[in-house]
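Down below is the structure, laid out as structure tokens.
The values are calculated or read from the model by the stated rules, or taken from the named source; none is laboratory data. In this text, all values refer to a predicted model and were calculated from it rather than measured experimentally. Here the Cβ is made from the backbone with ideal geometry for all residues, glycine too, and neighbour counts use every protein chain on show.
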Amino acid sequence: MSKRSTAGIRLTRLEARSRLIRGARQLAFVAFCISIGFVVVATAFPQLRELEKLEGKLQMAKDREATVLADREYHQVEYRALREDPEFLEIHARDRLDYYREGEKVLKFRREP
């Protein structure tokens, strides 16, 4: 009976060690997975900052483009009006080139800075 009890004790100790080793291995695997997750997240943050910078630059470029397109549209309308509308041409010439008809009195106002 003593052989059986020592064999049983050895088996119990061996099972306990196996469970301990299995638990340690699982803990090491979880720690490894968490560390890999931290590495992935840590490498993503600089890329997110760079993405935000690029999106800001893109928005600024779109704003400039909208401004330029609006300015272009204004100049196209003004050019068309100068070519096709004699009244607009006269108003433009009087305003920009200081033309006036004989006998007219022109009042000019200066803007204060």
Taking the conditions exactly as written (surrounded by 10 or more Cβ atoms within 10 Å (Cβ to Cβ) and not hydrophobic (A, V, I, L, M, F, W, C)), does ARG72 satisfy them or not?
yes
Residue among ALA66, ALA70, ALA93, ALA44 that is at pLDDT below 80 and hydrophobic (A, V, I, L, M, F, W, C):
ALA44
